Every structure is written in C-alpha cells, then in structure tokens.
1. Among (1) at pLDDT 95 or above; (2) under 28 Å from A:G64 (Cβ atoms), which single condition is A:T291 missing?
2. Given the criteria part of a helix (DSSP H, G or I), in contact (Cβ under 8 Å) with a residue 24 or more places away in the chain and of a type outside the set (S, T, N, Q), does B:L139 qualify?
3. Please find, within region A:21-33, the residue that is farthest from DNA strand D (Cβ to nearest atom) out of those that are buried (at least 18 other Cβ atoms within 10 Å of the Cβ) and at pLDDT 90 or above.
4. Can you find, within region A:35-46, the residue that is farthest from the other protein chains (Cβ to nearest Cβ) among those that are within 12 Å of DNA strand D (Cβ to nearest atom) and surrounded by 16 or more Cβ atoms within 10 Å (Cβ to Cβ)?
5. Could you list, ordered by first residue, the pairs with Cβ atoms under 7 Å in which the first is in region A:196-220 and without any contact (Cβ under 8 Å) to a residue 12 or more places away in the chain and the second is surrounded by 14 or more Cβ atoms within 10 Å (Cβ to Cβ) and aliphatic (A, V, I, L, M), at least 6 apart or interchain?
6. Where residues in region A:201-233 are in contact with a Lys or Arg (Cβ under 8 Å, 6 or more places away or on another chain) and buried (at least 20 other Cβ atoms within 10 Å of the Cβ), which of them is nearest to A:E153 (Cα to Cα)?
7. I want to confirm something. Restricting to region B:63-109 and keeping residues that are hydroxyl-bearing (S, T, Y) and more than 8 Å from chain A (Cβ to nearest Cβ), which single residue is farthest from the chain's Cα centre (by Cα)?
8. Which residue out of A:D251, A:D198 is farther than 24 Å from A:P289 by Cα, in contact with a Gly (Cβ under 8 Å, 6 or more places away or on another chain) and crowded, with 17+ Cβ neighbours inside 10 Å?
Number of protein chains: 2
Amino acid sequence: MPVTIKDIAKRTGKSITTVSRALHGYNDVSPETRELIVRVANEMGYTPNLLAQRLQKQRTDTIGFILPTFGPRFSDPFFSEFLAGIGSSATKYGFDILVSTQPPGEKELEAYRKKVTGRQVDGFVLVRTRCHDPRIQYLRETRTPFVAFGRTEGEIDYPYVDEDGASGMRLVVEHLVRLGHQRIAYISPPLIFTFARDRLRGVQETLSDAGLTLPDMYLVYGDLTQRSGKVQAQALLDLFEPPTAIIAGNDLMAFGVMSAIQERGWKVGKDIAVAGFDDIPMSEATHPPLTTVHQPIYQIGSLVTEILIKIILGETPEQTQYLMKPRLIIRQSCGAQSDH
Amino acid sequence: MPVTIKDIAKRTGKSITTVSRALHGYNDVSPETRELIVRVANEMGYTPNLLAQRLQKQRTDTIGFILPTFGPRFSDPFFSEFLAGIGSSATKYGFDILVSTQPPGEKELEAYRKKVTGRQVDGFVLVRTRCHDPRIQYLRETRTPFVAFGRTEGEIDYPYVDEDGASGMRLVVEHLVRLGHQRIAYISPPLIFTFARDRLRGVQETLSDAGLTLPDMYLVYGDLTQRSGKVQAQALLDLFEPPTAIIAGNDLMAFGVMSAIQERGWKVGKDIAVAGFDDIPMSEATHPPLTTVHQPIYQIGSLVTEILIKIILGETPEQTQYLMKPRLIIRQSCGAQSDH
DNA sequence: TTGAAAGCGCTAACAA
DNA sequence: TTGTTAGCGCTTTCAA
C-alpha cells in the first residue's frame, strides 16, 4: 500500500493540512514541525498521488501527442527524434507526455476530443499539419492550448514552429542549377501536407527564376517512404528524356531514388544528381552521402513543447510563431564536393 | 466549463448516483430514467473526467513507456515502429500510453519510480533489456506489472517477448558459409544488452560448428548507429587480411558498413558480403538491398502490450514468455540472389 | 502556527 | 428503482 499524507499525519500526530503545507514548503509551519514531517515523509517513502493532486488542481501537467501512424511498417525516424525533443522539454518542466496512435481520418478527431474532454492533457503538440487541418480547427474552438510543427493554409493565427520549406528548396535548386543541371525532376510528398506545398512552390519558383520549368512529366508524387521514392524514380528514369537531377521531397524518398539509380548501374552524383530534404542522421551514411536540407527535428520538437508549456502555465511566450531558415548540407550525391 | 454528472443530475432532477449508474448501463435503473439521462448527457456533451474516475477506481488504464534516448540525433526507426505497435494494442483495450524520455543511467530508475509511486501508470513496457537490468529488479520488487521486449541474464522469471538472436545469427552465418566465406567479421552492439550477447554467441557457435573461428581482430564493437558501423568497417577493411564478409549486429550499422565499402570503390555483395539484423523497412531500399534477419517490431510491440494489459486486468495470459523464431531475408548484399 | 471542513468528479456500499 | 453517504488523496479557505 502506498503512503499517503494521511499516514504521515497519523504518524506525526499532526493534521493532514499541516502535512500538506509542510511538504510544500509553506512558511506558516513551524520549523520543527516541518522538519519532523519532512523526515517522516522520507522515512515512509512518501510520494504524492498525482491523480489526486491533479484532480484537485484541475491541471494535469501532461501534454498530448498523437502519432499519425500508418500501419505496421511505420518507422519514419522522424518521429523518434521529434519525440525525443518533446521529451527533453517536458522533462525540464516536469510535464508528462501522453501518446496515442491514430491514423489520420474519421476517428482522428475523436482521439483528440477524448483527451480534451476527459481532461487528460493540458494541451497538444501537433505534427504534419495539413493545409486544411481539422485538428487545428477543433482545438481552437475548444480553446485547448496547442502548438504545431507546421503551418496551414489561410490566415488562421495560431502558435507554430516551421521550417521555411520554400527557401530550403530554393537552396537545393540553385545548387543544382549552378552545377549545370537543366532537367530537374521533383518527387513531391502528398499535397495535403502544407510542407509539401511549400517545398513544391520553392522548386517551381526557383526553377522559373532560373529560366527553367518543372514539366508535368518531371513532377511525380510519393508517400514519403523509400519504397515510393524508388518506384517513382524508376518511372522518371524510364522517360524518353530522363532528368539529370532528381530532388526528393524528403530524405527517405531520396534513398529510394538512389537505389533505383544504382540498380541500373549508374552512379549517383556522377550520372545523375540526387537531393533530399530533412537531413536525417542516416543521410550522411549513405553512399554517396546525401545532399539535403537540414531540419533540426529534435530542436523543433523541444521548442514546440517549450512554447506549449509556457502557454499552459499562463506565461506569454515572447514569440509564438517561428519560421526557421533552412541550411543546405552539401555532400556528394549531387556531384559537388562537400564544403567542409 | 466542462459538464459533470452533477450538472446532469440537476438538469434531470435525478441524483448523482442514478446518473452514474444510468451512464454505466447498470440494470437497476428504470428504462425511462436511463433513456432520459443518456439523452440529456448527450445533449450537454458530457464526457467523464478521467482523472476523477481513475482516482476512485484506483486504476489508471495507462501504461508507461520510457524511451532510452541518447541525445539530439536520436532517430532509431526502431522506436517509431515499436511505439506504433504499443499504440495499436493500447487503443484496442482503451489504454493510454505515458511516454517519457530518459537516457540510461543514474536518473533512469528515478523516472520509473516517479511514475509508479505517483500512481500514474498501471504497468510498464520495457525495451532494450540489459543483462543485469536494474529496472526489472525494481519493478519486480515493487510488484509493478511489466512486460519486456528482451531477456536478461540469469534465472529471473518474468514476462517477456524476445526474438532468438542466436538462431538468427546462425541463419546468417550458415548462409555466408554456404556461399564459401571463410573470413567473417562481426560488428557487435554493446554487450551490456542481452540481445547483443545472444547474437554474438550465435555467430561464434555457428562459426565453430563450421570449423571456423571469430578471431579477435574480426570482432569489433559499434554503438548501433550507422556512423559507428562505418567507422568499424573501415578498420576491418584496413586489416592486412580483411574479411570477405561483415555481419553487423543491426541494420543501421550494416548500412554504415556498406557505405564504407562503397567509398573504396568496392562492390557490396560481390567483393565483400554484408549482412544485418532487424530488417527495418529501409533495408530493402538500400543498394544493394540488405540481407538480414527479420524482426517483427510492430507485432512484438503489440504483443508485449497485450500481455501487459491482460496482466493488469487480472487475466492470466495463457503464455507470458515468447521466444520468436527468426527468419532470414536473403536479398543481394551477400551476393546470393533473392529467393522470391 | 495549526486544524476542521469543504470540495475536485466520480463510484459504490447501503438503506429505503 | 432510487437516494444518501462515504471516500479515493489531495489542496485550500476559514476560523481558532
């Protein structure tokens, strides 16, 4: 049986109230009493029942995070790293993380609703925002605190952290153009995601600034997995006039592109250039190492969570919308030598 | 303000008790009363306060999972997939998952203790068990339900699911020996992990059964990351008599090995064979696709959680210790053609 | 400086 | 079939 303040009260001959106050370090308890109570509490191995504490306080010190899983082979390294980032801030502020898994769709909102109305969490961290995101709408309506990694379309005002995907792609395209590429293809993630539209826009605009275009046959779509990157790349390579460079909307797909190329006996970075986006740890260990746009996922997870917690605590964060400037990591997959 | 049963009681003119009973579908409530209460509850948008419910029930319907993070670039895809597996079972039984992050070490046990004594969780899912695992000792002492993915050393009896790593490595080594390899090197994960010892044992025993050995210079250690796989492989390739095959203790390190080989202009699967362990999704998309041992991470996560929940619910699972038989996935990184 | 008492929202034993 | 009452473990007003 776990120790309660009642047990401590009995043991010390003090009242429950006094015990509670002593344990919280209030100054309306005599030093001797406090000393006694604290000592006994330690001896008995007391730790507060957080459920009771929270019921009383009407605050859970818990943030919610719902993983958008897509079935068994769901292993985007993104989420491990992001979760680690959330965890670092949560721990720092003594918050817990309540995680559940739920594929986007009908029942998704239900999962959020249950946690909100069940008063299980004080707020949410959102990822993979969509252009029209029902989650954001719902959380705003219910005035539930949340911070998102990613933006939506339209003029809705809410706290977010995002990386400027358009600028990121600008760096990539400019790099390729500088290397002399004219026929550049792009494998885009599904356009329901806002980041996908941003990145596509970045590709198109930069291409057009350089006097080039992204013809329809060079624009294909993948589902963010390596497998789809490979499949789409195969189609691109089968074209009568295949591209000389392929940009993938994320690193995972870029890996697929590389293996499609290598399967034909061609050399990545020599016969054909490949670039990705995200700079997941694995991208420096591929052959050749992947040129990509760095995205500090851990730091973003950590920042998002910190903002959220401040909002929950009623502090007003000095800034609630961050648009991070991306950085191009030049490795060897585009043929250029690394700069450092 | 959220709706409580008190509000419903007031509105319907019934007592709090009756409302509670009607909402739970007890049969000692008249049909009309029940119908009325349920209707009003829906109208008012009632959902129970889970905190209160749990405080009363003395059960949290929550399982704990502590991620062993190792700093910013923590993105082992293993955890995403495993967590998705946990989530699938948890959702099925209406359980929540409380996640926190904590690197192994001094404060690790503290993290478990806080959740246990704070009565925040009903039990734990453990991963990456170590040969002598303080977490298991602690949870057993406090009689906290838990199920582990992985075993420990010694004769401690507890519920676990594990894959037979020794048999897995046997399949790999036999495959390589069959292909004619005599000089086989092995990059082992840190031996504090039980799975690392199992896999090493499997390599050594099978080698010795085949009349071969694993000389000291062919046994090196990595930390499970691609980077370390690469570094260790470079050392192996620099040997006066380099191995003709390199087995990595996990897929991530195997990727590192492949890129070390390719960096020298050699061909994986032709000049030198490479094998991994885990069969993470990415391993079929590398170039060449990686021969490895399949580990159904999602299913294991799901099974572990299901067993745990049954234990928590007081049911006696028919079986609490699973040792899964591994399956070799032959792709092209060892030079053999895929079977299917 | 201390304690009695109320209440957070809920469940359940008991009585009516 | 229904309501009264107590209590889960805690915090906090209020009065002493």
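1. (2) is the only condition that A:T291 fails.
2. Numbers: part of a helix (DSSP H, G or I): yes; in contact (Cβ under 8 Å) with a residue 24 or more places away in the chain: yes; of a type outside the set (S, T, N, Q): yes.
When the stated conditions are applied, B:L139 passes them.
3. The first filter runs over region A:21-33 and keeps only residues buried (at least 18 other Cβ atoms within 10 Å of the Cβ), leaving A:21-22, A:29.
Then keep just the ones that are at pLDDT 90 or above; that gives A:21-22.
Details: A:R21: 6, A:A22: 10 Å.
Step by step, filter region A:21-33, then rank; the result is A:A22.
4. That would be A:I37.
5. A:Q204/A:L214; A:T213/A:L207
6. Of all residues in region A:201-233, those in contact with a Lys or Arg (Cβ under 8 Å, 6 or more places away or on another chain) come to A:202, A:205-206, A:218.
If we keep only those that are buried (at least 20 other Cβ atoms within 10 Å of the Cβ) too, we end up with A:202, A:206, A:218.
On the way: A:G202: 16, A:T206: 21, A:Y218: 25 Å.
Restricting to residues being in contact with a Lys or Arg (Cβ under 8 Å, 6 or more places away or on another chain) and buried (at least 20 other Cβ atoms within 10 Å of the Cβ), the top hit is A:G202.
7. Keep residues of region B:63-109 that are hydroxyl-bearing (S, T, Y), which gives B:69, B:75, B:80, B:88-89, B:91, B:93, B:100-101.
After this cut, where a residue has to be more than 8 Å from chain A (Cβ to nearest Cβ) as well, the list is B:89, B:93.
On the way: B:S89: 13, B:Y93: 19 Å.
Among those that are hydroxyl-bearing (S, T, Y) and more than 8 Å from chain A (Cβ to nearest Cβ), it is B:Y93.
8. Values: A:D251 fails: farther than 24 Å from A:P289 by Cα.
Of A:D251, A:D198, the one residue that is farther than 24 Å from A:P289 by Cα, in contact with a Gly (Cβ under 8 Å, 6 or more places away or on another chain) and crowded, with 17+ Cβ neighbours inside 10 Å is A:D198.
The values are calculated or read from the model by the stated rules, or taken from the named source; none is laboratory data. Since the structure is predicted, the reported quantities are computational estimates derived from the model, not experimental observations. Positions of Cβ are generated from backbone atoms using ideal geometry, with glycine treated the same way; all protein chains shown enter the neighbour counts.
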